[in-house]
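Presented below is the structure to which this report refers.
Each value in this text was obtained by applying a stated rule to the coordinates, not by laboratory testing. The model shown is predicted, which means the values in this text are computed figures rather than measured ones. As a convention, Cβ positions derive from the backbone with ideal geometry for all residues, glycine included, and neighbour counts pool all protein chains shown.
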Ligand SMILES: C[S@@+](CC[C@H](N)C(=O)[O-])C[C@H]1O[C@@H](n2cnc3c(N)ncnc32)[C@H](O)[C@@H]1O
C-alpha cells in the first residue's frame, strides 16, 4: 500500500494528543461539541439507518447518533488511534449502548465497511495526508445517494480563541527549525477553504457539496485558569509550545500572562465563552 503518510499523525493522536484530549475531555467534547449538535440538527440521520462516524475520538457523537437511529439502526465509529477506540468502546459499553461499535481504521487507507446511509464527522477529517483519498474511501463506504455531513473549522481569523492565542505565543516563543516531536498532520484549519474542500469532495466522487457557516460561542474553560491551560496544551499555540520545549518553559510566566489577557475578554459568570466559526458541509454520493 506504499508509505503511510499518516503514520506520524496517527502516532501523535495515539500518544500526546490522546493524553491532552483526555485531560481536557469536557472542553473538547461538550465545549467544542456544540458544533456537533449544530451538525446533527441540520443533518439528522434517518431512524433505522446505518451511520459512520469518521475520526470518532471518544465516540460521544457516535453514541448520540446510535440513539438517533434507534435499535433498528447502527452507528460505527472509526478512528486511527487505538487508544481513542478503546476509550469509546469502554464508555459505550458502560452506558449500555448496544447499537454502536468502534473500529481502529486509518480512514485514508483501510476499508470502512458499509454500506452506510450517512457518514458524519465532527472535526475528524482535517488531519489526512491525502484528503481526497480519504474522502473517496468514505464515499466508497456510503450507499448510493448516501450523505456525508461533516463539521470543520472555518478560517482562524474567525476563531480568535485559537488565532489570537497563537499570535501572542508566537510573539514570545520562536518555532524551532528542527524538532523530533510527532505532530498531528495538516492541522485544524486545513479544510477552512470552501473552494478547496468543494473541489476535494468532487474529486473524491461526491456530488452537490454544500457549505453552511455556523458561528457559535463555545466554552473553552470553566474559568480563566482552565482556559489558559487549555490554550497552552492544544491548538496551534499549544503545538508551538510543545515543539519549543525548554524555550517555552523558560517563557511560561509571560505566556500565561499573554493568554490570560486574550481570554479575559471572553470571561462570563459561567465560564470562558469564545466566539468560534465552522463550516457544516454536506455532500452526497451519486444516486
Ligand atoms: C480533533 S479530533 C476529533 C475527535 C472527535 N470527532 C470529536 O469531535 O471529539 C480528530 C480525530 O481524528 C482522528 N484521526 C486523525 N487521522 C485519522 C485517520 N487517518 N483515520 C482515522 N481517524 C483519524 C484522531 O485520532 C482524532 O480522534
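Things worth noting here:
- More than 23 angstrom apart: percent of Cα pairs within the chain: 54
- Between the helical axis of 235-244 and the longest alpha-carbon principal axis of the chain there is an angle of about 60 degrees.
- For residue 196 and residue 82, the difference between the fully extended length at 0.36 nm per residue and the C-alpha to C-alpha distance is 38.0 nm.
- A full extension of the chain between residue 208 and residue 94 corresponds to an added length of 37.1 nm, given 0.36 nm per residue minus the alpha carbon distance.
- For segment 87-138, a Kirkwood radius taken over Cα pairs fed into Stokes-Einstein (37 °C, viscosity 0.692 mPa s) yields D = 259 µm²/s.
- Placing R0 at 30 angstrom, the Cβ-Cβ distance between residue 170 and residue 42 gives a FRET efficiency of 0.30 after rounding to 0.05.
- Compared with the alpha-carbon gap, the fully stretched path from residue 145 to residue 225 is longer by 24.1 nm at 0.36 nm per residue.
- Highest-fluctuation residue, 72, 194, 141 considered, GNM on the chain with Cα pairs under 10 Å: 72
- Crossing angle, helix 224-233 versus the chain [Cα axis fit, 0-90 degrees, rounded to tens]: 70
- Beta bridges per DSSP, both residues in the chain: antiparallel share near 50 percent.
- Computed over segment 129-287, the P(r) tail beyond 21 angstrom holds 55 percent of alpha carbon pairs.
- Site pair residue 30 and residue 157 shows an inter-label distance of 3.4 nm when each label is modelled 7 Å from Cα along Cα→Cβ.
- The Stokes-Einstein estimate for segment 1-93, based on a Kirkwood radius over Cα pairs and taken at 37 °C with 0.692 mPa s viscosity, is a diffusion coefficient of 232 µm²/s.
- Ellipticity estimate at 222 nm from DSSP helix runs (n ≥ 4, -39,500 (n - 2.57)) divided over the chain, nearest 500: -12500 deg cm²/dmol
- Centroid-to-centroid separation of segment 1-71 and segment 117-138 [C-alpha atoms, Å]: 12
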